């Protein structure tokens, strides 16, 4: 598993590559935690090159989403392959985390995404481009 990051303005884009499973989930979490700073306003996890994710990897994504929510930062994932999309749907993650077809789709909503990161509310943009508080506090 590799995680590469880049910044596009005030948005952190993290690109996951390979597999995330029980053997490397802690490494995945450490890499995400190291990339995300306390003043982050928006994070996109691009999963285009991720070939597999286990429940341990899903846990890392959920913890990341919750951490960002406490910082009033936005979080979305994009570019899920068919099998990964299916894992998100079966696990219900598609109901609590914004999923987009591609970075291009997200960039088409960037102005709306940035506008809401500027005011610091805990809402994220869902697939339809609507704003909703999708990550539930547990």
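Derivation of every value follows stated rules applied to the coordinates shown; laboratory data play no part. The structure presented is a predicted model; accordingly, all values stated were derived computationally and were not measured.
Shape of the stretch 1-51 from its Cα gyration tensor (a ≥ b ≥ c, root eigenvalues): rounded if a/c is under 1.5, otherwise prolate when a/b > b/c, or oblate?
oblate
Please give the contour-minus-distance gain from residue 4 to residue 54: 0.36 nm per residue of separation, less the Cα-Cα distance, rounded to one decimal in nm.
Extra length from residue 4 to residue 54 when fully extended: 16.0 nm.
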